[in-house]
Protein chains: 2
Amino acid sequence: MKIYFSGSIRGGQQDTDLYHELIKALKQYGTVLTEHIGSKKIDTNSSDQEIHDRDMKWVRESDIVIAEVTVPSLGVGYEIGRAIHLKKPIICLYRSINGKTTSAMIRGCSDLQCFEYAELNDAKTILKKFFTGNQ
Amino acid sequence: MKIYFSGSIRGGQQDTDLYHELIKALKQYGTVLTEHIGSKKIDTNSSDQEIHDRDMKWVRESDIVIAEVTVPSLGVGYEIGRAIHLKKPIICLYRSINGKTTSAMIRGCSDLQCFEYAELNDAKTILKKFFTGNQ
C-alpha cells in the first residue's frame with residue numbers, strides 16, 4: 001500500500017509536527033511516499049519543476065491520498081484536484097479553528113471522504129478505522 | 001469568452017479588493033463567471049456541496065481560468081488541478097511577499113502560464129497582452 005500524504009509547506013508550516021505524527025501513524029498501514037512533509041526543512045536543492053514532477057509521479061504511483069487540509073495550501077488543493085481525475089481514493093482530515101472551517105471546494109466535493117477531528121488521537125482513530133475496519 | 005476567475009475566500013480575504021480590480025479589468029475581455037470573488041460577502045445561503053458543484057460547473061463552462069495565487073488557498077489549488085484535466089488554458093498571477101513566493105506545485109507545473117507581478121497595473125498589462133496581444 002503506497003500512501004501519498006499531503007500537507008502545507010509554503011502555505012504555512014504551523015502543522016508540520018502534527019503531519020509528522022500522522023505520517024508515523026500511517027506507516028503502520030503502508031509506505032508513505034512523502035515523509036518530508038513531516039519535516040520543517042524546505043527543499044532548496046530542487047527546482048519548482050523538479051518538486052512538481054516528483055510529487056505528481058508519487059501521486060500517480062500511490063494507492064491512496066491522505067490530505068490534512070486545515071492550513072490553506074495551494075499545493076494540497078492542487079494535488080487533491082489532480083488525484084480526483086487520477087481516480088485515487090482521497091481522505092481529507094481537518095480541524096475547525098476559531099469557528100473557521102476548511103474550503104467549500106473540499107468539504108463540498110462528493111469524490112472526497114472528509115473527516116473533521118479535534119485532537120491527534122481522534123485523527124489516528126479515523127485512520128485506524130479506515131485502514132483496518134477497527135475502532 | 002467565458003472567464004473563470006479564481007481567488008481565495010476561506011483561505012483569507014486580504015486580497016479581495018485586488019481581485020475586484022482584476023475582475024473589472026477582465027470584464028473588458030469577456031464574461032467573468034465568478035464576480036462574487038471580488039466581494040467580501042461570504043455566501044452563507046448555499047451548502048458547501050452547492051458551492052462546489054456550481055463552481056465546478058463554471059470551470060467546465062469556462063474558456064479560460066485566471067487564478068490569483070498569492071494567498072494560499074485550497075479551493076484555488078483544487079480548481080487549478082481540476083482545470084488541467086479539463087484542458088482549460090490557465091493563467092496564474094502572483095506576487096512575492098517578504099521573500100515568500102507561491103507553491104512549487106503551481107510554479108513548477110508546465111501546464112500553467114505563471115506570471116509574477118508587483119503592482120495591480122503590471123497585472124493588468126499582463127492580461128491585456130495576453131488577451132489582445134498588445135502591451
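The values are calculated or read from the model by the stated rules, or taken from the named source; none is laboratory data. Source: prediction; values computed, not measured. Cβ sites come from the backbone with ideal geometry, for glycine too, and all protein chains shown count toward neighbours.
Descriptive notes on the structure:
- Residue count for the stretch A:80-95, restricted to those that are out of contact with any Gly (no Cβ under 7 Å at 6 or more places or on another chain) and in contact (Cβ under 8 Å) with a residue 40 or more places away in the chain: 3.
- The condition of being surrounded by fewer than 18 Cβ atoms within 10 Å (Cβ to Cβ) and either of a type in the set (A, V, I, L, M, F, W, C) or within 12 Å of another protein chain (Cβ to nearest Cβ) (or both) holds for only one of B:Ser73, B:Ser47, B:Ser8, that being B:Ser47.
- B:Ile64 vs. criteria under 20 Å from B:Ile37 (Cβ atoms) and without any contact (Cβ under 8 Å) to a residue 60 or more places away in the chain: no
- Under the condition of being among the charged types (D, E, K, R), surrounded by fewer than 23 Cβ atoms within 10 Å (Cβ to Cβ) and under 17 Å from B:Ser6 (Cα atoms), the residues counted in the stretch B:79-116 number 6.
- Residue in the stretch A:56-66 that is at the interface with chain B (Cβ under 9 Å from one of its Cβ atoms) and either within 16 Å of the chain's Cα centre (by Cα) or of a type in the set (Val, Ile, Thr) (or both) present: yes
- Residue that is at pLDDT 95 or above, at the interface with another protein chain (Cβ under 7 Å from one of its Cβ atoms) and within 13 Å of the chain's Cα centre (by Cα), where the choices are A:Tyr78, A:Tyr94: A:Tyr78
- Checked against (1) within 12 Å of chain B (Cβ to nearest Cβ); (2) β-branched (Val, Ile, Thr); (3) buried (at least 19 other Cβ atoms within 10 Å of the Cβ); (4) more than 21 Å from B:Gln13 (Cβ to Cβ), A:Val32 meets all criteria but (1).
- In the stretch A:53-73, the qualifying residues are those that are aliphatic (A, V, I, L, M) and in contact with a Leu (Cβ under 8 Å, 6 or more places away or on another chain), and the one that is nearest to B:Cys109 (Cα to Cα) is A:Val59.
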